[in-house]
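K.L.:
Here it is: the structure, laid out below.
The numbers here are math on the coordinates, done by the rules we state, and not lab data. Quick caveat, the model's predicted, so the values are computed rather than measured. Glycine also receives a Cβ, built like all others from the backbone with ideal geometry; neighbour counts cover every protein chain displayed.
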Amino acid sequence: MYNLRKLGVICGDHRRKIGYTQLKAAIELGYTPENISAFECGRNDSVKIFLWYLEKADEEFIKKIKECKE
């Protein structure tokens, strides 16, 4: 099982690394910045949002995701 809080922190760090704000990510996804924030804080488990991060993934991101299991 994955820890949603840890997963969200990893995703937020990666989003910033690739130069996206929560607003820019939200616009691309058709969500609000609050939805992105909730995902990155572990309060939203949207698969659509997670897939967006995976589409923009690099090897380092994938490695961190694999290590974030509880």
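K.L.:
Give me the distance in nm between label points sitting 7 Å out from Cα along the Cα-to-Cβ direction at LEU23 and ILE62, one decimal.
P.N.:
Reported label-point gap for LEU23 and ILE62 is 3.3 nm.
K.L.:
Given the -39500 (n - 2.57) contribution per DSSP H run of 4+ residues, what per-residue ellipticity at 222 nm results for the chain, rounded to the nearest 500 deg cm²/dmol?
P.N.:
Only helices count here, giving -19500 deg cm²/dmol.
K.L.:
Which loop-located chymotrypsin sites (Phe, Trp or Tyr not before Pro) does the chain contain, where loop means any DSSP state but H, G, I, E or B and the Cβ has at most 12 other Cβ atoms within 10 Å?
P.N.:
Here no chymotrypsin sites (Phe, Trp or Tyr not before Pro) fit, given the DSSP loop and packing criteria.
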